[in-house]
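Q: The structure is given below, and queries will be raised subsequently.
The values are calculated or read from the model by the stated rules, or taken from the named source; none is laboratory data. Worth saying up front: this structure is predicted, and the values here are computed from it rather than measured. Positions of Cβ are generated from backbone atoms using ideal geometry, with glycine treated the same way; all protein chains shown enter the neighbour counts. For accessibility, only protein heavy atoms count, side chains too; no ligands or nucleic acids. Shrake-Rupley method; radii C 1.70, N 1.55, O 1.52, S 1.80 Å.
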Amino acid sequence: MNFREFSPTQPVILGFDPGRDKCGLAVMGLDRQLYYHQVVLAKEAIATIETLRQKFPISLMVMGDQTTAKEWRQKLYQELTEPLSIILVDERYTTLEARDRYWQMFPPKGLIKLLPQGLRQPPRPIDDIVAILLIERYLNRLTESTLSSQE
């Protein structure tokens with residue numbers, strides 16, 4: 001698991017990119033400090049979320065609003081030991097954004113570096129990076145609404 005060495009002192013947000021076979025998970029602070037990200041099998045997602053809740057002070061979950069969101073939301077409400085606030089976020093275009101972000105986080109090496117970025121395929125699933133982007137979209141929305149209310 002990709003845990004950071006230190007534990008956050010403030011509440012953090014759990015990003016969840018739900019899927020039928022695999023799910024992306026990420027934990028990020030309000031300061032955009034990334035503490036964890038991982039792709040897990042769908043059948044292990046609930047157990048992994050429970051483990052993350054024991055390790056981090058998770059205040060809410062931000063989840064993608066597309067394909068399997070309704071089913072997952074129901075499942076989370078039924079199966080989590082303690083309820084968790086779930087906010088749905090528009091996840092359109094996140095897969096394309098996640099591919100670009102992957103290469104920012106893990107710069108290409110060797111021959112892959114020679115390929116134009118649009119042709120590079122990440123060598124692993126990037127659902128966890130989608131989960132990171134979902135948290136960032138939520139935080140951006142919060143920032144925008146705070147700024148517009150101050151004007």
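Q: Any idea how many residues of the stretch 23-69 are in contact with a Gly (Cβ under 7 Å, 6 or more places away or on another chain) and not in a strand (DSSP E or B)?
A: 2
Q: All but one of (1) touching a residue at least 24 places away in the same chain (Cβ under 8 Å); (2) out of contact with any strand residue (DSSP E or B) (no Cβ under 9 Å at 6 or more places or on another chain); (3) farther than 30 Å from Thr9 by Cβ hold for Gln74, so report the exception by its number.
A: The number of the failed condition is (1).
For (1) free of Cβ contacts under 8 Å to residues at least 60 places away in the same chain; (2) of a type in the set (A, V, I, L, M); (3) touching a Ser or Thr at 6+ places or on another chain (Cβ under 9 Å), each residue gets a yes or a no:
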| site | (1), (2), (3) |
| --- | --- |
| Val62 | no, yes, no |
| Arg92 | yes, no, no |
| Trp103 | yes, no, no |
| Ile112 | yes, yes, no |
| Leu115 | yes, yes, no |
| Ile126 | no, yes, yes |
| Val130 | no, yes, yes |
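Q: In the stretch 43-84, how many are open to solvent by 30 Å² or more (accessible area, probe 1.4 Å), within 15 Å of the chain's Cα centre (by Cα) and more than 18 Å from Val130 (Cα to Cα)?
A: Qualifying residue count, the stretch 43-84: 2.
Q: Only one of (1) over 16 Å from the mean Cα position of the chain (by Cα); (2) open to solvent by 30 Å² or more (accessible area, probe 1.4 Å) fails for Asp100. Which number is that?
A: In the conditions (1) over 16 Å from the mean Cα position of the chain (by Cα); (2) open to solvent by 30 Å² or more (accessible area, probe 1.4 Å), Asp100 misses (1) alone.
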